[in-house]
Each structure stands twice: as structure tokens, then as C-alpha cells.
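Q: Have a look at the structure that comes next, please.
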Amino acid sequence: MAPKSLQDVLDAAGSTVELLRNSQLGTYIYPVVPAEFTNWRREQRAWRETAVLYDQSHHMVNFFVKGPDALKLFSDTGINSFANFPVNTAKQFVPTASNGGVIGDGILFHLEEQEFVYVGRAPAANWLQFHAETGGYDVECTYDDRSPSRPYGQAVSRKYYRFQIQGPSAWQIIEKLNGGTLEQVKFFHMGHLGIAGEQVRTLRHGMAGAPGLEIWGPYEQHGKIRDAVLEAGAEFGLEPCGSRAYSSNTLESGWIPSPLPAIYSSDAERAYREWLPATSYEAVNALAGSFVSGNIEDYYLTPWELGYGSFVKFDHDFIGRDALQKVDPAAQRKKVTLAWNDEDLATIWASFLDRDKPGYQFFDVPNANYGSSNYDSVIDADGTGVGLSLFTGVTANERRGLSLATVDPNVEIGTEVRVVWGEPDGGSRKTTVEPHEQISVRAVVSPAPYAVTARTEYHGGWRTAAAGAR
Amino acid sequence: MTDLFLSGPGAEGLLRGLAVNSFANFPVDRAKQFIAVNHSGQLIGDAILAHLDEQSFNLVGHPMAIDWVQYHAETGGHDIEVSRDGNSIVRAGDPRLFRYELQGPTALALVEKLTGAPVPQLGFFHMGHLPIAGLQVRAIRHGMAGQPGYELFGPWVEGERVRDALLQAGGEFGLTQVGAKGYSTANLESGWVPSPVPAVFTDERLRGYREWLPASAAGSLGGSFDSADIEDYFLTPYELGYGRSVAFDHDFVGREALEALSRTPSRRKVTLVWNPDDVQDVMGSLLRPGLPAKYIDMPKARYALFQVDRVLHGGVTVGQSFDCGYIANEHSFVSLAAVDGLEDGAEVTVLWGEEPNSAKLQVEPHRQVPIRATVVPAPFVQYARESYRATH
């Protein structure tokens, strides 16, 4: 019988790790948006030097929740405090499983009284939908799925367009669109802006210390709003950013997009696994990298390991609370950036031209990840595992290979470690992998975010490790 | 690609008058690589011409040759009906035809399994029908550098059905779908130069044509070759290896010039295998201080419609390098080039990057660097199979 649920898929597979490591999904695609409008080096430079227009309309799920119990749904599933979450604010919402492992994270917008939207990868949206439908909540939900990875010329439609205007010149562009000075509301506070005759909703955002805005509205207005913003921004050097550069911006800002959801093993999540379809993200996603453990739980990450320790608030009851209360924050791994050794990375590239050897696992630029979730072993001089490297690529701004990682608490900034690039035993059967050898790449443990300005000036939450409740 | 459909009593005559190719043996159900030149014998473009039916033809490819044919059909043709289906960059809505290439060593076995019959005995560029998914699918016997295969085409609405049937049958034969990135490198193995600069920019006799062409037809020029005279970029059919296609059995635009050119030595089309260390230096320059070299994208590094890089030997310009990219099958970075009197094995230098940098959007600030390269035959794939692997 064909598997219907994730649980069926896991039962048939035997080993969850082997199932996901040999997923036939292919690379994790940032769909529909053109790969490059100019070229990815120039687009990366623009977010550092002038301004960019990110098009986030297609790669994330929108999960709308409305009704008397809406806030309770989020409060019951999020590690975050909801003590102060009025309408027109947003927060980075992080749900955990009963075992305390992170399921995913995304932005939660408080749109109206009793009305919210979660925007992010599928795992947290699926988890919310399950609890909304089975937990006896008085809510109405709408799941607006991300656009297809390979639309192949077919028409694509979403509920919202979603853009960000970011970079050092972003605010000048925003004020020009507004027709005058605009009060810089606080980070993650929402407002309105008039663009091309439309009232557009905004979320105050920022990048590397410079204020920016996320804007959204009906998808039908996508072209009109985009044209107006690009036209207004031209004199300030605003550049549209393609999907190729887009996914690499997080290497500089330090957000880890792709933890493996911690839902595969615990008994408490069995009902969820039976509810999740066999075609869900959780059942088909590709697990990539040199870190291989027979125990799927070794891939789970706590909020502290992803830099979300300051979000954990025991001022409310939530799934995972008991497990997280037992955690010693001081013993947790910490989020860092690894600055890859230039010559070692060049050696990987050179191997593609070596006709005598199979070569190393392909390292694409600027995004080198070859699965939905990427787990590379970080080892010390003795070859002992001291962490996991979770998202890898290149930034033309820093002229470096960078990866976002979580490492043992005693690993100091400035330490040289090694990242093992490529999979053991010639590689898994993923469609993104050809036969290859592994290589240990030297890397220097560095702060996250790597961009120095962001570390000191970026407002909110984990970026400054401030004690804020976001 | 762009499709041009021509029909009517005047169609074949018009095509013949613009083609260097012979039409002496070109009945229905044959195809050929149609090559057009200007009055001076310089290349305008090439495309695949299929003889679909009595007085009915389909020309498929880049717009350069197709524009030229359409212009003559519309302005000087008699008894011809022309219709054009632009590529998906310019077309609104669905294409008129689906078009697939089924290629590789197991392609024939796959077709036999799929159709339940021995494959039709078709010569190269001969056409027939294959029964697939309950449809009679038009097929051109094609082959990429010696490997047998088919080009399949038909009404767009049938495309998905045909594709599904191919993929379903293809599993046991290792059939793999090729994405746009991989596709763009197939010509580097087979030795086809996709978009030479069309020789249409100067000749006074072509003024009418230039006035007819839309502004968007100008294209973009990239690379280190930097003559101010656009005619220095023009090529003859001989330089791109099309000498065998030139037939003086009919009258055509450029015939007299080509007759003269056929008696003089010409550059020849070759493959250049780029030095791995030099390519590594270029890629690594992305990570090192200072102005980087022009970025090499994988697997295709060409950064303009018309890529023309200078090729030097002993400090002297000896040719032009065109399309360039990576062949994973051979772990090699190669380009297709036309060079003066150099033997296989000769060492040359390709200048990589523009000096000064152009203003094209896809060009980032960079410095020009020399890249050593070795002259080997084109098509590279045959050479690689027969001798390269044995000696390297």
C-alpha cells in the first residue's frame, strides 16, 4: 500500500536518516524569481553599498490564523513570550517539539485583532496547522503554500506579493516613495505606506544597521508596486536582487534558515507524523552533508544552538517547555560564522578540473548547499566533532566562503577549526551529489553576523543577543 | 528557440536563394543545418531547416538566420506564407510546438522499448514518425557527436503526454532530464558555435534589412576581442567548420564571394582546453584581495550573446574564442574557437575579461587575465573518447 503519512514513510524506510540523506528532491529551490537581474556579485554588493529590492513573494509559506483562539495557538506552540504582542507588531516565532528541538522559525505578524500570519518555511506552518486543526482551537486557518519549485512555464499565483527594500540607501528610497520624511518606527513594528496609489502594509526591518522595510499586499499588484519602487530607487542605486544572490544574504546577516524539524522520533509527535502527508516537506526534504549519525535526534537543534536562547520565556506554557527547562544554557552550543580558508576553497574548485580524481562535492556559488537541511561536521585539530556547519556559500562583499554553524561553548572566536566538506563513502544517492571524496577545510571561528556593522547596530533579538523578548 | 514556418510555391526557392547548402536532395521528411551568408560570404547565421510537407518548411534556431529569411520572405518573396513563433522571451502564451531531444547511448534502445518496434532505419537528419503515447510523433534522426538520438516535436498540447511517456519508459535506461544549465553545455562537446556575430551591421546592400530589423535584434557583444571595426568580428562558414555544407550547385546570396573564399586558406574551428591551474586562479580570485578576474560561471561562462575572446600565440593574435564552459564528463573547461594554422596540441593564450570593462549588466569590475589553453579538435567529445582519455 502506498504510504499516506510521514509515519508510513518512516515505517517503510526503517532508517529516517538514510531516507532523508537519499532524498530524490534535489536542491532546495528559491522559486520563480529570476536567478539574476544583473549578476549575483553586483546584487550582493548593492545590499552592502546602495540598496536592493528583495522579492520574497514565492519561497515561503503564508499561514493565516484568525479567531478568538489565534493568539493561544501561537502561545501554546512558541518558545517566545506573548506578554507584549499588540496589533501591528511582529516577532520571530520559534516552535519546538516536545523534546525541546526546534521545528522551524519564521516571522509572525499580528495583522488585526485576533488575526495573524506566519511567514516562513513549511515545517513550522505544518506544525501550526496540525495543532490548529486537532487542538480544539476556535480559529480559521488558510495555508498559502510556497510557489512550485519548477513551474515550467505554468502560471503561478500567491495571496501576497512580499518585498523588502534594504541597504544603506533604503530609507531615502522609502521616504521618496512616501513623499516626505517617514518616522522610523521601531524594529519589527508595522505601518502603512502609499505606493503607486495603493496603501501598502509595512514592517520595519533592517540590514547591517541600516533601516529598511518589508512591504506586502495583494499579489495582483506585484508588478505595479515593483515597478514603482524600482523607478523611485533608481537614483539611489536600488537594484533588484535575483534568487541566486538572495539566498546568500543570510551568510552575512547570520540567520540559519534550515534546521531539521525535531519531529521524527518522539512518541509525543507520533500523531503529528500520522497527520503529515507522505508528500510533506518533512517526508521528502533532503538532508545533506558530512555529518552522519544513525540517530536522527543528533540532528535536532535547541533554541540556544541556533542563537534563539534569549527568546525562550517560561512565562507561559508551551510544547517543549518541560524539555527546555531541563537544558543548561551555558552548556549549549552557540551560533557562529565560519570564515573558510581561501586556498582550501579554491582547492575544492580546482578539483572539478582534475581529470585523475573524482573530485570534491560540487561547491556552487554563492549558495553551496545541496540539500534542504545541511549538516557538515566541524572538527578540531584532533578530528573531534565540535560543532555543525549548517548553511554555506560565498559573499563577494567579504570575498570569502562563509558558513553558519553551531559550535561547542568552549570554542573561542578566532579558533581555527575544520569543516568536512562532502559526504562519506563517495556520497549519498541524492540527485545533487556525484561520486566524490571528502576534504577538510580550514575555517576561522568568527562572530555571527559576520558583517561587523550588523553585530553592533542591527536591532532586535538574537542579532545583538540583547535581553529583548523578541 | 525561434520557429519560422514557410509555405507556398515560393518557399523552397526563397530558402535556396539564401542558403549556402545544396537543395538537390531535400525531399519532404529531411532536415538540414541551414546556413546563410551576406553578399561578401560572411556568416549571418544558421538554423535547423525541416522539410515538413510539400511546400512547407520549418526553420528553428537563434533569430539571426530566421530574421534574414523572414525579411526576404516579407519584402521580396512571392507565393509564400510566413508565420513566426518567437522564443519564450518574446512570446506571450504557449509555444506552437513542443520540442525534445532524446540523446545518448541508450536512446535507441529506449525508443524500441517505448514504441514496441525496431527503430526506423533513418539516416542522419532524416525524419519519420514514432508511435508514442498513442500519438504519431514527428522525429528527426539527430545525434550529438556520434551518439544516436532523435529530436521529437509536435503540437504543444501533446508535449506533456509525450514527455511523461518518455520519462516513464526511460527509467530503466537511465534517462535523465536535463535542466537549462546542463543543456547549455551540450554544444561544447558537440562543437557547435551557437551565436556567431551576424555579418549584417555594415554592408550598404543590407541597409534595408537593418531598417526592417527591430532595435532589439542588435544583441550584446562580450569578451576580450576589442576591435573598433565590427567587420573584424564577422566569420566565414569555413571558419566555423561549415565548408562541407557549402554547395555551388545553385545561386544564392554570397555565392561569388564564397567561391573566392573556398580557394584561400581559412581559420579552422577547434576546441581549446583551458589550463586547469589558470582557471583555478580565475575562480580563486573571487576570494583573494584585489580586483578579481572576470567571474567564471559554472557550467557556462559565456556572458554575452556574442562572446568573442582574443586568442594569442607567441604574442600574436591567431584567432577568436567563442562559447566557453565546463564539461563535467571530462573534468575540463573548454571553449570553441577559430584559429590560424595551428596544429592540434599547440599552446595558445586566451585573454579572459574585458579591457576596459564594458557597461553590460552582467559584467562586474574585473581585470583581464591570460589563460593558457591547448588546441584540440572539435567536436571535443569524439576526440576525448578516442584519444584524450588515453593520453591524459
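The values are calculated or read from the model by the stated rules, or taken from the named source; none is laboratory data. Predicted model, so just to flag it, every value in this text is computed and none were measured. Note: ideal-geometry Cβ built from the backbone for every residue, glycine included; neighbour counts use all protein chains shown.
Q: Which numbered condition trips up A:R45, out of (1) more than 14 Å from chain B (Cβ to nearest Cβ); (2) basic (K, R); (3) within 22 Å of B:I296 (Cα to Cα)?
A: For A:R45, the failing item is (1).
Q: For A:A465, only one of the following conditions fails: (1) out of contact with any Leu (no Cβ under 9 Å at 6 or more places or on another chain); (2) modelled with pLDDT of 95 or more; (3) assigned to a loop (DSSP other than H, G, I, E, B). What is its number?
A: The number of the failed condition is (2).
Q: State all residues of the stretch B:284-308 that are surrounded by fewer than 18 Cβ atoms within 10 Å (Cβ to Cβ), more than 19 Å from A:G393 (Cβ to Cβ) and either within 14 Å of another protein chain (Cβ to nearest Cβ) or modelled with pLDDT under 95 (or both); if no residue qualifies, say none.
A: B:P289, B:G290, B:L291, B:A304
Q: Right, something else. So, B:G325, is that one in a strand (DSSP E or B) and either within 14 Å of another protein chain (Cβ to nearest Cβ) or over 18 Å from B:N275 (Cα atoms) (or both) or not?
A: Judged against the criteria, B:G325 is a match.
Yes/no matrix, rows are residues, columns are (1) in contact with a strand residue (DSSP E or B) (Cβ under 9 Å, 6 or more places away or on another chain); (2) modelled with pLDDT under 95; (3) at the interface with another protein chain (Cβ under 10 Å from one of its Cβ atoms); (4) on the phi > 0 side of the Ramachandran plot:
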residue: A:K326; (1), (2), (3), (4): no, no, no, no
residue: A:A330; (1), (2), (3), (4): no, no, no, no
residue: A:A339; (1), (2), (3), (4): yes, no, no, no
residue: A:L345; (1), (2), (3), (4): yes, no, yes, no
residue: A:F352; (1), (2), (3), (4): yes, no, yes, no
residue: A:P366; (1), (2), (3), (4): yes, no, yes, no
residue: A:S373; (1), (2), (3), (4): yes, no, no, no
residue: A:G383; (1), (2), (3), (4): yes, no, no, yes
residue: A:V386; (1), (2), (3), (4): yes, no, no, no
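Q: Does A:L73 fit the bill of being away from chain B (no Cβ under 14 Å) and without any contact (Cβ under 8 Å) to a residue 24 or more places away in the chain?
A: It is false that A:L73 is away from chain B (no Cβ under 14 Å) and without any contact (Cβ under 8 Å) to a residue 24 or more places away in the chain.
Q: While we're here: In the stretch B:20-40, what residues are surrounded by fewer than 24 Cβ atoms within 10 Å (Cβ to Cβ) and touching a helix residue (DSSP H, G or I) at 6+ places or on another chain (Cβ under 6 Å)?
A: B:F23, B:I35, B:H39, B:S40
Q: Among the residues in the stretch A:222-231, are any in contact (Cβ under 8 Å) with a residue 60 or more places away in the chain, of a type outside the set (D, E) and under 11 Å from A:I173 (Cβ atoms)?
A: Checked the stretch A:222-231: at least one residue is in contact (Cβ under 8 Å) with a residue 60 or more places away in the chain, of a type outside the set (D, E) and under 11 Å from A:I173 (Cβ atoms).
Q: Follow-up. For the stretch B:238-245, indicate whether the set of residues that are more than 14 Å from every other protein chain (Cβ to nearest Cβ), of a type in the set (A, V, I, L, M), in contact (Cβ under 8 Å) with a residue 12 or more places away in the chain and crowded, with 23+ Cβ neighbours inside 10 Å is non-empty.
A: yes
Q: Would you mind stating whether B:V311 is part of a strand (DSSP E or B), buried (at least 16 other Cβ atoms within 10 Å of the Cβ) and within 14 Å of chain A (Cβ to nearest Cβ)?
A: The answer is no for B:V311.
Q: Filter the stretch A:49-75 for residues that are assigned to a helix (DSSP H, G or I) and either hydrophobic (A, V, I, L, M, F, W, C) or buried (at least 22 other Cβ atoms within 10 Å of the Cβ) (or both) and give the result.
A: Across the stretch A:49-75, the qualifying residues are A:A70, A:L71, A:L73, A:F74.
Q: Can I ask one more? For A:I215, work out the one condition from (1) at pLDDT 95 or above; (2) out of contact with any Phe, Trp or Tyr (no Cβ under 7 Å at 6 or more places or on another chain); (3) aliphatic (A, V, I, L, M) it doesn't fulfil.
A: Here A:I215 meets the rest and fails (2).
Q: Moving on. Taking the conditions exactly as written (buried (at least 23 other Cβ atoms within 10 Å of the Cβ) and in contact with a Gly (Cβ under 8 Å, 6 or more places away or on another chain)), does A:I107 satisfy them or not?
A: no
Q: To continue, here is another question. Tally up the residues in the stretch B:328-343 that are surrounded by 21 or more Cβ atoms within 10 Å (Cβ to Cβ) and not in a strand (DSSP E or B), please.
A: 1
Q: What pairs come up if the first residue lies in the stretch A:21-40 and is in contact (Cβ under 8 Å) with a residue 24 or more places away in the chain, the second is among the aromatic types (F, W, Y) and assigned to a helix (DSSP H, G or I), and their beta carbons are under 8 Å apart, counting only those six or more places apart or on different chains?
A: Once the first residue is in contact (Cβ under 8 Å) with a residue 24 or more places away in the chain and sits in the stretch A:21-40, its partners that are among the aromatic types (F, W, Y) and assigned to a helix (DSSP H, G or I) give A:Y30/A:Y246; A:V33/A:Y246.
Q: Sticking with this structure for a sec: Counting only residues that are loosely packed, with under 15 Cβ neighbours inside 10 Å and either assigned to a loop (DSSP other than H, G, I, E, B) or not aliphatic (A, V, I, L, M) (or both), how many does the stretch B:248-279 have?
A: Count: 9.
Q: For the stretch A:88-135, which positions are part of a loop (DSSP other than H, G, I, E, B) and free of Cβ contacts under 8 Å to residues at least 60 places away in the same chain?
A: Hits for the stretch A:88-135 are A:E113, A:Q114.
Q: Can you confirm whether B:R91 is farther than 21 Å from B:G13 by Cα, within 14 Å of chain A (Cβ to nearest Cβ) and at pLDDT 95 or above?
A: no
Q: Quick check: is even one residue across the stretch B:125-134 in a loop (DSSP other than H, G, I, E, B), under 13 Å from B:Y150 (Cβ atoms) and either of a type in the set (A, V, I, L, M, F, W, C) or touching an Asp or Glu at 6+ places or on another chain (Cβ under 7 Å) (or both)?
A: yes
Q: Please count how many residues of the stretch A:345-365 are among the acidic types (D, E) and more than 23 Å from A:F391 (Cβ to Cβ).
A: 2
Q: Under 6 Å between Cβ atoms, which residue pairs at least 6 apart in sequence (or on different chains) link something in the stretch B:63-81 that is closer than 15 Å to B:S7 by Cα with a partner that is among the polar types (S, T, N, Q)?
A: Filtered contacts from the stretch B:63-81: B:I66/B:T2; B:E81/B:S7.
Q: Related question: Among the residues of the stretch A:419-462, write down those that are modelled with pLDDT of 95 or more and in a helix (DSSP H, G or I).
A: Of everything in the stretch A:419-462, those that are modelled with pLDDT of 95 or more and in a helix (DSSP H, G or I) turn out to be A:P424, A:D425, A:G426.
Q: Having 3 or more residues that are of a type outside the set (A, V, I, L, M, F, W, C) is the bar; report the helices (runs of 4 or more DSSP H) wholly within the stretch A:246-365 that clear it.
A: The helices (runs of 4 or more DSSP H) meeting that bar are A:249-253, A:270-275, A:321-325, A:342-351.
Q: Checking the structure you have, find out if any residue of the stretch A:405-421 is touching a residue at least 12 places away in the same chain (Cβ under 8 Å), more than 14 Å from chain B (Cβ to nearest Cβ), crowded, with 24+ Cβ neighbours inside 10 Å and closer than 21 Å to A:Q24 by Cα.
A: yes
Q: Here is a further query. Can you pull out the residues in the stretch B:328-349 that are within 14 Å of chain A (Cβ to nearest Cβ) and farther than 17 Å from B:P379 by Cβ?
A: Once the filter is applied, which keeps residues that are within 14 Å of chain A (Cβ to nearest Cβ) and farther than 17 Å from B:P379 by Cβ, the stretch B:328-349 yields only B:H331.
Q: Taking the stated definitions as given, is B:H72 farther than 26 Å from B:D94 by Cα, touching a Leu at 6+ places or on another chain (Cβ under 8 Å) and not small (G, A, S)?
A: Against the criterion (farther than 26 Å from B:D94 by Cα, touching a Leu at 6+ places or on another chain (Cβ under 8 Å) and not small (G, A, S)), B:H72 qualifies.
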